[in-house]
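Beneath this line is the structure, given in structure tokens, with notes to follow.
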Amino acid sequence: MARLGLRTLVTGLFLGLLAQAAEAHTGSGVVGGFWSGVLHPITGWDHVIAMVAVGLWGAFLGRPAIWVLPVVFPLVMAFGGAMGVIGIPLPHVETGIALSAIVLGLMVATAARLPIIWAGLIVGIFAIFHGHAHGTELPGSANPFAYALGFVVATGCLHVLGILFGTLTRWKKGRFAVRTGGMAIAVTGLAFLTGWL
């Protein structure tokens, strides 16, 4: 199973190298304040599907991943955000965001059972891209701290949504639904990557 997960990761990264620059993250709508921070991630489908995928994969893997992955993501995302705020460049941010949906969706769709250290590493790498994209917008907001707090709260809620859906894996039909959801996330990420969305 670990080999299947690593093949999935390599395939997703290979597709990313072949693609043109994606426009998964538009960067529009940042005004400032807590509610802007809450609304921004839940109105950006690139972020929504990746955050739900993190929760889904964590639920699919079970303990301790069910809580480790949703904790790793916002912590590392904050690091990526800090990079964006202080102006440290990160190449191919939009591609990284789209790839996060593809790879995480495929991990769920293929029922990839990687060791927790590898799962956390994959989630953490993609969190840097999401954080950087939003960190570059943060200085332009009216209240950066409140905006960041709202963004983290919304991210956590999206993780919980994925976990709740992921608990359906307890049943055979639920397992099929979760894996189908993972494939839908991967396809949507591919659409962002190729510019279809």
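Scanning the stretch 142-178 for residues that are within 29 Å of residue 93 (Cβ to Cβ) and touching a Ser or Thr at 6+ places or on another chain (Cβ under 6 Å), which turns out surrounded by the fewest Cβ atoms within 10 Å (Cβ to Cβ)? The residue in question is 178. Counting only residues that are of a type in the set (Ser, Thr, Tyr) and either in contact with a Leu (Cβ under 6 Å, 6 or more places away or on another chain) or not in a helix (DSSP H, G or I) (or both), the stretch 147-196 holds 0 of them. Here residue 109 passes the criteria (1) in contact with a Lys or Arg (Cβ under 6 Å, 6 or more places away or on another chain); (2) without any contact (Cβ under 8 Å) to a residue 12 or more places away in the chain except the one numbered (2).
Inspect the stretch 43-62 for any residue being open to solvent by 40 Å² or more (accessible area, probe 1.4 Å), of a type outside the set (D, E, K, R) and assigned to a helix (DSSP H, G or I) and give the result as yes or no. There is at least one residue in the stretch 43-62 that is open to solvent by 40 Å² or more (accessible area, probe 1.4 Å), of a type outside the set (D, E, K, R) and assigned to a helix (DSSP H, G or I). When 181, 189, 124, 195 are checked against the criterion of being over 13 Å from the mean Cα position of the chain (by Cα) and open to solvent by less than 30 Å² (accessible area, probe 1.4 Å), a single residue qualifies: 181.
The values are calculated or read from the model by the stated rules, or taken from the named source; none is laboratory data. Not measured: the values here are computed from a predicted model. Positions of Cβ are generated from backbone atoms using ideal geometry, with glycine treated the same way; all protein chains shown enter the neighbour counts. Side chains are part of the model used for accessible areas, which takes the heavy atoms of the whole protein and leaves out ligands, DNA and RNA. Shrake-Rupley method; radii C 1.70, N 1.55, O 1.52, S 1.80 Å.
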